[in-house]
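Peer 1: Please read through the structure below; I'll follow up with questions.
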């Protein structure tokens, strides 16, 4: 793995030099874009809008449009100059209950690897977070933008997970949801019983990307000249029976399974 960020995790007067590595990888198939007529590759070019000529990547700069067509060129050094401490440090500002962070706020996770000289401080923070069931809340700059993040333990590693800011979450007022619906006691009791019947410990290893595997098999079959059989599925229809009857039917079906 190649590190994407190097700096320190700071809490109180303790500094832990670390490197960040992406903790996730895609499982989707790598599909190329082709011309449907002759299957030639589609290439994207960075073209100067005035000369219509391609611009080499090393000649491209970033600019901020501040008035009409006037731009201020922003260089890599400017990102660091804006907040040098945030480009080098993940400074923990507070500790929060992990359970209190709404999953809607989660974005991307990174493994934090300690420098050899900081193994003890790293291990201390890891154990403290495990025992307290807390996460460190911090801000840092990654790829020219500020991110809110939590530092939390996963098995034997500290993980830095970027989370969204409040203003990035859309207001629910845009949704048409009737919050005046009444659920009677019987419906609630059977609903809870159904949840309890299906309840189990979370074990993500039980779940695989089955669609990826099936799609790859279909592609391999097509490569051999076979035509795939496509099943036509009908959309799941809403039941005519009342909610309580549907719940009881689900409960009994699970018992008999």
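No lab work stands behind these numbers, since they all come straight from the coordinates. All values reported here derive from a predicted model rather than from experimental measurement. Quick reminder, even Gly has a Cβ in these numbers, built from the backbone with ideal geometry, and neighbours come from all protein chains shown.
Peer 1: Quick one: if the Förster radius is 22 Å, what FRET efficiency do residue 198 and residue 164 give, using the C-beta to C-beta distance and rounding to 0.05?
Peer 2: On the way: r = 30 Å, r/R0 = 1.35.
Taking R0 as 22 Å, the efficiency between residue 198 and residue 164 is 0.15.
Peer 1: Using R₀ = 35 Å, calculate the FRET efficiency as 1/(1 + (r/R₀)^6) where r is the Cβ-Cβ separation of residue 241 and residue 212; round to 0.05.
Peer 2: The formula returns an efficiency of 0.40 here.
Peer 1: Just how far, in whole angstrom, is the range 90-169 from the range 3-68 if you go by their alpha carbon centroids?
Peer 2: Result: 24 Å between the Cα centres.
Peer 1: Under a point spin-label approximation (7 Å from Cα along Cα-to-Cβ), what is the residue 94-residue 32 distance to one decimal in nm?
Peer 2: Those two pseudo-labels are separated by 5.2 nm.
Peer 1: Once Cα extents along the principal axes in Å is worked out from the coordinates, which option in (1) 51, 41, 32; (2) 53, 38, 30; (3) 65, 62, 44 does it equal?
Peer 2: (3)
Peer 1: Quote the relative contact order of the chain in percent (integer), defining contacts as alpha-carbon pairs under 8 Å separated by 6+ residues. Please report the intermediate quantities before stating the final value.
Peer 2: On the way: 281 pairs, mean separation 42.4, N = 257.
Here the relative contact order equals 17 percent.
Peer 1: Return the single residue from 180, 222, 208 with maximal mean-square fluctuation; model: Gaussian network over the chain, springs between Cα atoms under 10 Å.
Peer 2: 180
Peer 1: Sticking with this structure for a sec: If each of residue 73 and residue 3 carries a label point 7 Å out from its Cα toward its Cβ, how far apart are those two points in nm?
Peer 2: 3.1
Peer 1: Under a 10 Å cutoff between Cα atoms, tell me which one of 203, 30, 97 has the largest fluctuation in the Gaussian network model of the chain.
Peer 2: Answer for the Gaussian network model of the chain: 203.
Peer 1: If each DSSP helix of 4+ residues adds -39,500 (n - 2.57) and the sum is divided by the residues in the chain, what number results at 222 nm, nearest 500 deg cm²/dmol?
Peer 2: Mean residue ellipticity, 222 nm, calculated: -8000 deg cm²/dmol.
Peer 1: Which of 92, 42, 150 moves most in a GNM of the chain, Cα contacts under 10 Å?
Peer 2: 42
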